[in-house]
Structures are given as structure tokens and as C-alpha cells.
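The values are calculated or read from the model by the stated rules, or taken from the named source; none is laboratory data. These figures come from a predicted structure and were not determined experimentally. With ideal geometry, Cβ positions are generated from the backbone for all residues, glycine too; neighbour counts draw on all protein chains shown.
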Amino acid sequence: MLENFVETRDLVRTFGKKNDVVKALDGVSISIREGEIFGLLGPNGAGKTTIIKILTTLLLPTSGEAYVGGFSVVKEANKVRNIINLVSGGETPGYGILTVSENLWFFSQLYGLPSSVAKEKIKRLTVDLDFKKYATTRMAKLSTGFKQRMSLARGLLNDPKMLFLDEPTLGLDVLTAKRLRTYVIDWAKREKKGTVLLTTHYMAEADEMCDRVAIINNGKILACDSPTALKENLKATPIAKIDVSSIQADFSFIQKMRGVVGCSETRSIQTGVTSLKVMAQNEKVFSDIMSKLNEEKLKVLSINETEPTLEDVYIRLVGKGFEQAEEKANA
Amino acid sequence: MLDNLVLNLRVAYARLWVRVKGGNREPEWLVAEMFIPVLTLSAYVFMYRMLHAPPEFTGFVVIGGTMIAFWVNVLWNMSAQFYWEKETGNLEIYLVAPISRMAILLGMALGGFVNTTLRAVAILAAGILIFQVPFSLSEPVTALLMFFLTIVALYALGMLFASLFLLYGREAWHTANLFQEPVYFLSGSYFPTSSLPFFLQLLASFIPLTFGLDGIRQVVILNKGIADVWLNVLVLVVFIFVLLPLSKVALNYMENLGKKEGRLTLRWQ
């Protein structure tokens, strides 16, 4: 048994040419233990998918090394491919004109499964993932949720030792997302079938599923530990959630106030409310913020002290939330 | 080694199965793919008859119209297929699997061949029945040999083009567009290439379909034998032996280049 089933050392990946080079990964070193569910948590553009693409042999690193199951992803790509599978959220590989079962049979052949074994496996997976009634439905007619169930079933057809899940619940309704998460946890933990690398920008998903989480931003790993340990480190830092009745206001002044460690903002067009998550050096800072909001004539609807979440860990490390990081990256 | 061969044969069969199953599930496609080529070749037949061309020209047109179905299949359902596979996310799944990319292409080629043969037979039958083509065939084995060599050379060319689509999106699409009509013209789909000027004949000699069509017409319409078409056979064999290994090399090269440049799974480029 390998101690680390996945290992990357100083992984660097750049895109573009001479005068326009973007560094997507900047010296990423991670180790994933066998049987572990490991999460990569970060905003869009942080480098999560780039890591997955390198580990699944779809992309070459610019420098550094990466191993899956003890095999180099560069020099022994085919050995790596024998033990992995990949499921990406928001995508449904397959042929719309074929039925779910036909598609799954086709994908099973990419791993050389004898037809009888494949058909048995497809039957079991469609039952386990609760979409047996759609087995003879054309893929094009499936809803997003059922397409994603089919995608997960496809990813499990070859009993991979290493399953890569790239934003697997993207765009899914709460119940379907929960169903898929539970299934993956069962697969990896209760049935001990394999190791999982999950990328997500849903904090709750990482919190619920992962044994360990690496927080990634701008191609760098900022922290890596169990969700509990990461949150534990914030116990001494007061955190407050402040709801303000405006989605137009500029709240960037909070970030600049003395004693503020980090601040994130989520604007809801439906409710017209901006939820600020503020992390401070001490509780007195919150009073200063309230005064400043009053000065700016912004109506505060509520203020509550909250328990730390993984989002707070990210705010503590980067100084802002995912949304602001993505806005900055897109600007 | 043997395991690997069995795996890749399974993959080729599965891809063939997808193509045959998918291609024949909706009968509207079948009707359109059979009816429209018959219309096109009818136009040429009527034109030749109006000009009082020799009767074998009708046979040339029917054979040309039948073989064009294979060229269209090679160009759009073989060469361009990786473009669609990329856009739908299937290419990523192929590339993550421990299989030869050539097995996928072989499956596509065989599936395309089966589907197109069904259509081609219908076009041929319609042409013969409607226009009473004066066939004169004394060496059916030679005719079959010419046909199969032409098909293998054409699909080998398709495999080579497919490697371009692995990396390039719209650019490759334009290239395929660029090839469609000139190949109709240069390969002499609806007239004998001997009527073309020398430099155009020279250009046409780079297209396997030119030699295939000419050979098939000589054997099937003009009642000639292997002694008359041996050069066509030789050229097609050379095409096959050059194009097949070249397509494998090109595919590997493009895949590696794509991995280096990060364009292998890049969409909407």
C-alpha cells in the first residue's frame, strides 16, 4: 500500500507565450493518502482544474513532478490511465441519441469490460444512483441532475483506484447534489473502493466530504489540513455576519479599517441585501464598523457572531471572499 | 500485449456500434442522405444526355455519386468528428482512458463505412434503376479490390485529418470546408479526369479518390481488367502505406502538442 497515492512536487504550469504568460500553478506540492477524500478548494481560476488535468494526463506540467498510484503522469501516462477516472461537473459526455444504458455500455468498453460484466455493473449503478427508470431513455432527454448521475456512474464503471471529481455538483439542485455527495462518501469510505480528489468552490461540500482540504489561490496552496483543524485555527478570531440593506454600496472601506483581518460580501439581487462576513482582531472592531456603516447611511438589518467555516479560513488567508477573488481575477 | 490488442479491438467495435446505432436511429437522416445525392447525380445525367454524351457517362456519374457519399462521410463524420467529441466532452474521456486513439478512429471509420455503404448501395440502386446504367463487368474481384483499396485509402486520409481536429477547432473546420468542393471537382466525381488540363490532373493525383474512381469506372463501366488498372491499385496501396502510419504519427504529435500548449480540451476555439 502506497502511503501517498497522489503526490505532486513543485508543480508549475504556465499558459501563453513570451509577453503574455499566465502562471496557473506556482509550485504546487500536495500528497493524498490512499483511501482519502481530498479537496481542492478555491475560487474559479485558482488552478484547481489545472491540477486535475495534469493528474489525469490531459495536460503536461511546465515543470515539477506528479505521481498517481506511484506512476509518473508524464512518463507512465498509460499506467496512470488504467487506475483513474474523471467526472467533471456541468458536462455530460456521451451521445444524446443513445440511451443511458447504451452510453454507459460504450464507456465501459473504453476499459475493456466484458459486455456481461458491464451490463451487470450498469444495472447496479443505475439502481444505486437512483436513475434505473431512465436507463432506456435517450441521454438528450435527461434533466441536468440525471445527466450528472449518469456521469458519475460512468466514472465508476472501471472501479477506479483514483477518482477525480471536478466540481461534480455544479449547477445541481440541493437534493441531487446531496445524493451524489453521499454516494461518493459511501464509495470511498464505507466500501473503501478508492481515493478521491475533489475540486469545488462550495465550502459546505468540501466540509462535508473531505478528510483534508487544500486551499488554493492564484496557483498556490495556502493551507492544507482537515476541515476541523483549519477552522480550529480561527477559534480565537471573532467573526460576524452583518446584513446590510443595499446591494449598490461600495463596502471596500471595511477591508481598509484598522483591526479588520478580512471581509467577504455576498449581494443578493432577490432580497436587496448584502451579507458581509467580517473577521476582526477583536470584537471592538465590529462597533467601529457599525459606526462607519451608519456614517455612510447604510441600514444594518442584523449582526450576528458566527462559527468559523471554511470560507472564513479562505478569507483569513486571502483577505477577501471567493466572489471578490473571482471578480478581481475576471477584471 | 494481447490484452492491449483485445482492449483496443473492443474500443473499435464499441465506437463502430455507436456510429451504426446512432446513425440509423432516426430514419429522417437516412432518407435525406439517400435522396439528396440522387438529385445531384440526376442533374449531371440529364445534362450529359442533353449534350448527347456517350452512354457510359451516365455510369460514370452514378459511380461518382456513390463514391462521393464516402468522401462526405470521411470529411465530416470522420475528420471533423474529434471537433464534436471535444465540444461535448467525449474527447476528454477518450484521452483519460488507457486506449489507443487509433482504436477510436478505426471504430469511427468502420462505423462510417457501414453506414455510408447502406446509403451508397441505395444511391447506386436508384441510379441503376432510374437511368438504366450500361454496366459491363467481367472481373468482379478486381472491382471489389478497387473499391476496398479506395475506401481504406480514403479513411486513412480521414484519420490524418482527424489529428488536425484534435488540436484545431474552427481552423480545421474551415480546412475541411476548403477540401470538400475541390475534391468533388479534381477527383472527377461527375466526369472523367482525363478531360482536365495536365496541371489539374497532377494536382488530382494527390487525392486517393481520383485513382479509386478511375479504376472502378474502368472495371465496372468500360469492362477492363486488372491488367489495365494495376497502376491505380499500386498507387492506392502506396497511399494506404503512407497515410496510415502518418496518421498515427500525426495523432501522437498533435496530442503531445495539445498537452504542452493546453489546447487539447479547450472548447469553442
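Look at the range B:118-138 and say how many of its residues are more than 20 Å from B:Phe46 (Cα to Cα), of a type outside the set (Lys, Arg) and touching a helix residue (DSSP H, G or I) at 6+ places or on another chain (Cβ under 6 Å).
Of the residues in the range B:118-138, 2 are more than 20 Å from B:Phe46 (Cα to Cα), of a type outside the set (Lys, Arg) and touching a helix residue (DSSP H, G or I) at 6+ places or on another chain (Cβ under 6 Å).
Can you name every residue in the range B:176-203 that is touching a residue at least 12 places away in the same chain (Cβ under 8 Å) and either more than 18 Å from the chain's Cα centre (by Cα) or more than 25 Å from B:Phe46 (Cβ to Cβ) (or both)?
B:Ala176, B:Phe179, B:Phe191, B:Pro192, B:Thr193, B:Leu200, B:Leu203
In the set A:Glu34, A:Glu102, which member is more than 9 Å from every other protein chain (Cβ to nearest Cβ), over 30 Å from A:Gln324 (Cβ atoms) and of a type in the set (Asp, Glu)?
Going through A:Glu34, A:Glu102 in turn, the sole match is A:Glu34.
Looking for whichever is more than 9 Å from every other protein chain (Cβ to nearest Cβ) and either under 30 Å from B:Phe131 (Cβ atoms) or part of a helix (DSSP H, G or I) (or both) here; the options are B:Ile68, B:Ile93. Which one fits?
Of B:Ile68, B:Ile93, the one residue that is more than 9 Å from every other protein chain (Cβ to nearest Cβ) and either under 30 Å from B:Phe131 (Cβ atoms) or part of a helix (DSSP H, G or I) (or both) is B:Ile68.
Could you list, in sequence order, the residues of the range B:93-128 that are closer than 28 Å to B:Val6 by Cα and of a type in the set (Gly, Ala, Ser)?
Once the filter is applied, which keeps residues that are closer than 28 Å to B:Val6 by Cα and of a type in the set (Gly, Ala, Ser), the range B:93-128 yields B:Ala97, B:Ser100, B:Ala103, B:Gly107, B:Ala109, B:Gly111, B:Gly112.
State whether the residues of the range B:6-21 include one that is more than 14 Å from every other protein chain (Cβ to nearest Cβ) and assigned to a helix (DSSP H, G or I).
no
Give the residues of the range A:275-308 that are hydroxyl-bearing (Ser, Thr, Tyr) and either over 22 Å from A:Glu323 (Cα atoms) or touching a Leu at 6+ places or on another chain (Cβ under 9 Å) (or both), sorted by residue number.
Listed by number, the residues that qualify are A:Ser287, A:Ser291.
Specify which of the listed residues (B:Leu209, B:Leu164) is closer than 30 Å to A:Ser63 by Cβ, surrounded by 14 or more Cβ atoms within 10 Å (Cβ to Cβ) and in contact (Cβ under 8 Å) with a residue 40 or more places away in the chain.
Step by step, each of B:Leu209, B:Leu164 is checked, and only B:Leu164 is closer than 30 Å to A:Ser63 by Cβ, surrounded by 14 or more Cβ atoms within 10 Å (Cβ to Cβ) and in contact (Cβ under 8 Å) with a residue 40 or more places away in the chain.
Would you check if A:Lys241 is basic (Lys, Arg) and in contact with a Lys or Arg (Cβ under 8 Å, 6 or more places away or on another chain)?
yes
Restricting attention to the range A:84-129, which residues are among the hydroxyl-bearing types (Ser, Thr, Tyr) and either modelled with pLDDT of 95 or more or in a helix (DSSP H, G or I) (or both)?
A:Thr99, A:Ser101, A:Ser108, A:Tyr111, A:Ser115, A:Ser116, A:Thr126
Every residue in the range A:292-321 that is of a type in the set (Lys, Arg), part of a helix (DSSP H, G or I) and within 30 Å of A:Ile221 (Cβ to Cβ), please.
Scanning the range A:292-321 gives a single hit, A:Arg316.
So which of B:Leu257, B:Leu264, B:Leu251 ends up being within 14 Å of chain A (Cβ to nearest Cβ), more than 16 Å from the chain's Cα centre (by Cα) and crowded, with 22+ Cβ neighbours inside 10 Å?
Just one listed residue meets the conditions, B:Leu264.
Exactly one condition in (1) more than 28 Å from A:His201 (Cβ to Cβ); (2) facing chain B (nearest Cβ under 7 Å) is not met by A:Leu59; state its number.
(1) is the only condition that A:Leu59 fails.
Looking for something at the interface with another protein chain (Cβ under 7 Å from one of its Cβ atoms), out of contact with any Leu (no Cβ under 8 Å at 6 or more places or on another chain) and on the phi < 0 side of the Ramachandran plot - is there at least one such residue anywhere in the range A:112-120?
No, there is no match, as no residue in the range A:112-120 is at the interface with another protein chain (Cβ under 7 Å from one of its Cβ atoms), out of contact with any Leu (no Cβ under 8 Å at 6 or more places or on another chain) and on the phi < 0 side of the Ramachandran plot.
Can you tell me which of A:Ile84, A:Ile52 is in contact (Cβ under 8 Å) with a residue 60 or more places away in the chain, buried (at least 24 other Cβ atoms within 10 Å of the Cβ) and of a type in the set (Val, Ile, Thr)?
A:Ile84
Would it be correct to say that B:Gly188 is within 14 Å of chain A (Cβ to nearest Cβ) and buried (at least 17 other Cβ atoms within 10 Å of the Cβ)?
Spelling it out, it is not the case that B:Gly188 is within 14 Å of chain A (Cβ to nearest Cβ) and buried (at least 17 other Cβ atoms within 10 Å of the Cβ).
Counting only residues that are within 14 Å of chain A (Cβ to nearest Cβ) and closer than 27 Å to B:Pro245 by Cβ, which one in the range B:71-90 is surrounded by the fewest Cβ atoms within 10 Å (Cβ to Cβ)?
Once the filter is applied, the top-ranked residue is B:Trp84.
Take the residues in the range B:71-90 that are part of a helix (DSSP H, G or I) and in contact with a Pro (Cβ under 7 Å, 6 or more places away or on another chain), then tell me which one is farthest from B:Arg170 (Cα to Cα).
Only one residue fits best here, namely B:Asn90.
On the basis of being away from every other protein chain (no Cβ under 12 Å), in a loop (DSSP other than H, G, I, E, B) and aliphatic (A, V, I, L, M), does A:Ala46 make the cut?
yes
Sort through B:Leu209, B:Leu236, B:Leu246, B:Leu231 and tell me the only one that's part of a helix (DSSP H, G or I), within 21 Å of the chain's Cα centre (by Cα), farther than 22 Å from B:Glu139 by Cβ and modelled with pLDDT of 90 or more.
Testing whether each residue is part of a helix (DSSP H, G or I), within 21 Å of the chain's Cα centre (by Cα), farther than 22 Å from B:Glu139 by Cβ and modelled with pLDDT of 90 or more leaves just B:Leu246.
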